[in-house]
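Below is one structure, written out as structure tokens; comments come after it.
All of the numbers you see were taken from the coordinates with simple rules; none came from a lab. Being a predicted model, the structure only gives us computed values, none of them experimental. Here the Cβ positions follow ideal geometry from the backbone for every residue, glycine too, while neighbour counts run over all protein chains shown.
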Amino acid sequence: MMAEKASRTPGRPKPDIDPPYVLRITGVLLGVCLAVALLLGIVNQVTKPRIDAIQAEKIRAAMSQVLPADSYEPLDFTAANVTAIYQAVSDGKDTGWVVETSAAGSQGPIEMMVGIDSEGKVTGVSIVKHSETPNIGTKVVGDQAVLDRFTGMSLEAGEITVNGGANRFDGVSGATVSSRGVAAGVNAALAAIGVTP
Amino acid sequence: MNIFYAVLILGILGGVFGLVLAIASKVFAVKSDPKLALILDCLPGANCGGCGYPGCAGCAAAILAKKAPVNACPSCSGLQTSRIAAVMGVEVKAQERRVAFVRCSGGSRASHKFRKYVGIDDCVAAMKVAGNGPLDCAYGCLGLGTCVRACKFDAIHINEYGAAIVDQNKCTHCMQCAKACPRGVITDVPYASDIMVPCGNRDKGPAAKSLCTVSCIGCRLCEKNCPAGAITVTDNHAAIDYTKCTSCGFCVEKCPRKLIRDIHATGKVEPVA
Amino acid sequence: MDWRILLDIALGAVLINNFILVQFLGICPFMGVSKKMDTSIGMGFAVIFVMGLASALCYPVSLLLDALELQYMRTVAFILVIAALVQLVEMFLKKAVPTLYEALGVYLPLITTNCAVLGVVLLNVQNDYNFIESVVYGVTGGIGFLLAIVLFSSIRERLEFSDPPKAFKGFPIALVTAGLMALCFMGFSGLKIPW
Amino acid sequence: MNIGKQIKEGLLTQNPVLVQLLGMCSTLAITTTVSNGIGMGLSVTVILTLSNIFISLLRKIIPEQVRIAAYIVVIAGFVTMVDLLLQAFFPDIAESLGVFIPLIVVNCIILARAESFASKSKPLPAAIDGICQGLGYTMVLIVMSAIRELLGSGTLNGAQVFPTEYAASMLALPVGGFLTLGCLIAFMQWVQSKAKGGK
């Protein structure tokens with residue numbers, strides 16, 4: 001059955017594919033893959049809840065850092081490179097939004113949390129995940145002082161641009177690509193909310 | 001559920017690729033005659049090219065296809081060649097072992113055109129400098145090691161005087177060094193014979209004397225004193241006929257330049273003092 | 001498909017983010033095989049073939065994995081596809097071009113662990129390229145690899161006869177040269193695409 | 001199978017990075033801080049030993065035709081498992097090492113050792129070889145990351161040694177990695193030639 005299916009055009013000598021040989025090889029690779037997959041599945045089953053819990057905890061911490069609030073209700077939305085928007089509610093009133101966006105940094109995407117108050121001003125930026133080069137990219141993404149400079153900016157004077165333009169944000173010298181990445185993320189967040197003071 | 005999908009997908013991938021690889025291994029199986037592997041084992045496997053075929057695999061294929069004689073591989077010892085002959089079921093002709101020999105021992109003693117050659121340290125490159133090389137003597141060894149790099153059996157080195165010298169025990173007579181040498185200083189001699197002339201100079205006496213302190217000046221003393229008549233001096237250079245030479249050593253005493261010598265006197269090929 | 005985006009990806013993969021000299025992926029075979037020019041060219045084409053086909057094959061697999069939320073299986077599945085591909089290339093070369101197969105030696109199986117090949121597949125997923133974009137990225141990534149390894153092996157062949165300090169002979173001088181080449185390729189990062 | 005020889009081989013004469021020139025991708029990419037170097041080195045050692053044992057156990061079963069595919073699936077399986085376990089149970093280690101763990105799958109050392117050593121020897125020597133090669137790799141990583149961090153950013157394991165303005169930040173870039181590794185191997189060759197010359 002297997003051997004006939006693999007026979008070649010009559011012109012060429014038919015290679016002697018004896019089924020036991022083929023079965024042994026396929027069987028071994030199949031067995032190894034199944035074993036590894038099973039092992040991984042079990043490990044994942046064990047670790048998934050813990051990882052999700054840790055991840056959720058990290059996001060909560062980042063959210064409360066940018067915009068302190070009692071609770072955050074996720075909203076549905078349609079916006080470019082925005083992964084989630086949460087409505088921040090503290091003692092019953094909507095006090096603003098927390099937007100999770102990702103933008104291209106120098107070595108890979110930078111995922112960040114941007115807090116925006118009800119007038120559309122940035123209340124804080126915190127980086128969730130990045131793979132910037134240490135000592136260069138991290139001068140921007142790793143340094144909270146630099147990120148805090150975004151606080152208070154909005155789309156009132158147009159898009160935030162790095163080292164120039166009306167709505168100016170002076171990035172860290174030598175790490176312009178990373179600075180532009182973070183600025184792009186903040187712009188995306190502000191645009192998603194669409195409120196300008 | 002999640003585990004089931006994981007196992008399912010990787011299982012399918014593993015199975016499909018296992019199948020493809022199994023069939024491919026058969027379709028692409030390289031048809032090889034078992035004798036080829038046997039012959040290949042007997043060959044030294046250094047791919048030196050002495051047999052004229054692309055590496056040992058090429059030589060083995062040629063021997064198998066009877067295009068090459070059983071002793072096509074010059075680097076094979078007698079034992080290896082007889083084993084190949086056994087595989088091929090052919091009787092092998094007895095063959096006397098030969099090895100490479102450097103017809104120069106001057107090195108630092110030869111006069112140089114300029115104090116020190118500074119450039120690409122390779123004889124072929126040096127030959128392109130100042131009229132084929134920094135040495136005044138046109139037949140001498142430049143000592144820059146092209147032959148050392150060409151030899152796959154680590155059998156030839158540059159001695160302390162700066163001339164190449166062959167370690168006869170390691171030499172397998174593949175003659176890659178001779179092919180690599182831009183000046184053709186290296187020839188091959190029978191392993192067994194002792195008396196050698198480590199110089200290849202063809203200039204007349206006085207010129208040869210000025211070119212190098214250990215050169216053959218063609219004075220014919222060795223030729224006159226050789227009882228077996230094995231030495232003939234042709235265009236100012238003493239050449240030994242190894243079939244006639246009885247290694248009596250008369251020529252060694254008579255040579256005014258202390259050049260002709262018994263290289264096996266101290267068991268190992270020594271450079272000319 | 002807007003060919004400008006494709007050209008942008010291609011230019012990026014070959015010059016701006018060259019896999020070897022800028023992203024520093026796939027350096028083991030790069031250092032190992034680049035002693036001689038012909039093995040380098042052979043290796044370069046083998047990598048182009050594997051990278052192109054790997055990107056093409058891994059695209060449907062990554063779609064399937066995302067659909068079933070099996071992101072953690074991504075690495076294992078991709079590496080399985082690549083390994084099978086390399087094994088196929090190894091068998092094909094053994095049959096069709098035995099001399100190249102001998103010359104590549106241990107570095108052929110090392111293409112499997114070649115960070116560039118798995119790198120390109122994971123980057124395809126990270127930048128969520130569609131099918132054509134990922135194949136273009138794979139093939140041009142391979143061309144970038146070929147460009148780098150050919151340039152490097154031509155320099156290395158000349159290095160044999162130069163006389164660096166005795167301790168630097170062999171790999172160290174080659175590494176320093178590779179460092180300088182990487183420095184030059186950093187110059188491309190400023191390359192602006194006119195449209 | 002004497003262990004002494006394997007240890008000496010793993011650390012000096014057959015050092016995976018300095019002599020065999022394997023595992024260069026990760027060596028150049030991550031040796032910018034000492035903590036990265038140690039973390040990466042140890043995780044490679046653990047995974048290398050585990051996969052060596054597993055592969056030498058399987059060596060008789062896996063046929064020649066699918067050996068690469070089978071070995072690499074085993075290695076990738078181990079790496080993903082270690083990654084998941086780290087993220088679940090040791091989140092802080094995972095935080096600093098997160099991006100390097102997937103890199104280990106494509107670390108040439110592991111498949112090279114599996115292909116050249118583990119697949120031909122019994123589990124115990126394979127395990128020892130894994131440990132020795134791993135330690136040799138970690139040693140090189142620590143030395144390289146110390147040099148690159150000190151000269152590249154003026155800090156050593158986080159402690160500020162001299163103000164970063166004077167540091168050659170180019171060394172932090174992988175370009176500096178090439179140069180540092182080149183000089184390191186040159187130094188090793190110089191030491192070996194001195195030892196040979198000296199004796």
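Taking 21 Å as the straight-line reach from the Cα of D:K60, the lysines in range (excluding those fewer than 8 positions away in the same chain) are B:K26, D:K120, D:K122. Only DSSP H runs of four or more residues enter the estimate; each adds -39500 (n - 2.57), and after division by the residues of chain C the mean residue ellipticity at 222 nm equals -23000 deg cm²/dmol.
Each Lys or Arg adds one and each Asp or Glu takes one away; over the other residues whose Cβ falls under 13 Å from the Cβ of D:L22, this sums to 0. Centre-to-centre separation between the Cα atoms of region B:208-273 and those of region D:1-54: 59 Å. Its Cα centre serving as origin, the protein assembly as shown has a Cβ charge dipole (Lys and Arg +1, Asp and Glu -1) of approximately 4880 debye.
Amide H to amide H, with H built 1.01 Å from N, A:V128 comes under 5 Å of A:E111, A:M112, A:M113, counting only residues 5 or more places away or on other chains.
What does a probe at B:T213 reach in region B:164-197, counting residues whose amide N is under 11 Å from the point 7 Å along Cα→Cβ? Output list for this probe position: empty. Near the amide H of B:I156, under 5 Å away, which other amide H atoms are found, from residues 5 or more places off or on another chain, if H is placed in the peptide plane? Here the answer is B:D167, since their amide H atoms fall under 5 Å of that of B:I156.
Each of C:W3, C:V139, C:F78 was placed along the dipole of chain C (beta-carbon charges, centred on the mean Cα), and the one lying farthest toward the positive end is C:V139.
Taking a straight Cα-Cα cut-off under 21 Å and skipping sequence neighbours fewer than 8 places away in the same chain, the lysines within cross-link reach of B:K170 are B:K152, B:K179, B:K268. Averaging the Cα positions of each part gives two centres, and for region A:129-197 and region C:132-195 these lie 34 Å apart. Other residues whose C-beta falls under 11 angstrom from the C-beta of D:T32 contribute a net charge of 0, scoring Lys and Arg +1 and Asp and Glu -1.
To the nearest 0.05, what FRET efficiency results for D:E95 and C:T99 with a Förster distance of 51 Å applied to their C-beta separation?
So the FRET efficiency works out to roughly 0.55.
Straight-line cross-link partners of A:K93 among the aspartates and glutamates, defined as a Cα under 20 Å from its Cα and at least 8 positions apart when in the same chain: A:D70, A:E73, A:D76, A:D117, A:E119.
Can you compute the helix-only [θ] at 222 nm over chain B? Use -39500 (n - 2.57) per DSSP H run of at least 4 residues, normalise by all residues, nearest 500 deg cm²/dmol. Intermediate values should be presented prior to the final figure.
On the way: 10 runs with 88 residues, N = 273.
Mean residue ellipticity, 222 nm, calculated: -9000 deg cm²/dmol.
With the Cα gyration tensor of the protein assembly as shown giving a ≥ b ≥ c as the square roots of its eigenvalues, does the rule (a/c under 1.5 for rounded; else a/b larger than b/c for prolate; else oblate) give rounded, prolate or oblate? Cα axes put the protein assembly as shown in the prolate bin.
For region B:168-237, the ratio of Cα radius of gyration to the globular rule of thumb 2.2 N^0.38 Å stands at 1.29.
Distance between the C-alpha centers of region B:47-117 and region D:96-155? Whole Å please. With region B:47-117 and region D:96-155 each reduced to a Cα centre, they are spaced 43 Å. Other residues with beta-carbon under 13 Å from the beta-carbon of A:A166 carry, at +1 per Lys or Arg and -1 per Asp or Glu, a net charge of -1.
Near B:V99, the amide H atoms lying under 5 Å from its own belong to B:V189, B:Y191; only residues 5 or more places off or on other chains count, and H is placed 1.01 Å from N. For chain B, set up a Gaussian network in which alpha carbons nearer than 10 Å are linked by springs, and say which option among B:V252, B:V148, B:V27 fluctuates the most. Result for chain B, Cα springs under 10 Å: B:V27 fluctuates most. Number of Lys-Lys pairs in chain C with C-alpha atoms under 23 Å apart and a separation of 8 or more places or on different chains: 7. Only helical runs count toward this figure. For chain D, summing -39,500 (n - 2.57) over DSSP H runs of n ≥ 4 and dividing by all residues gives -23000 deg cm²/dmol at 222 nm.
Of the trypsin sites (Lys or Arg not before Pro) found in region D:1-63, those in coil by DSSP whose Cβ has at most 11 other Cβ atoms within 10 Å are D:K60.
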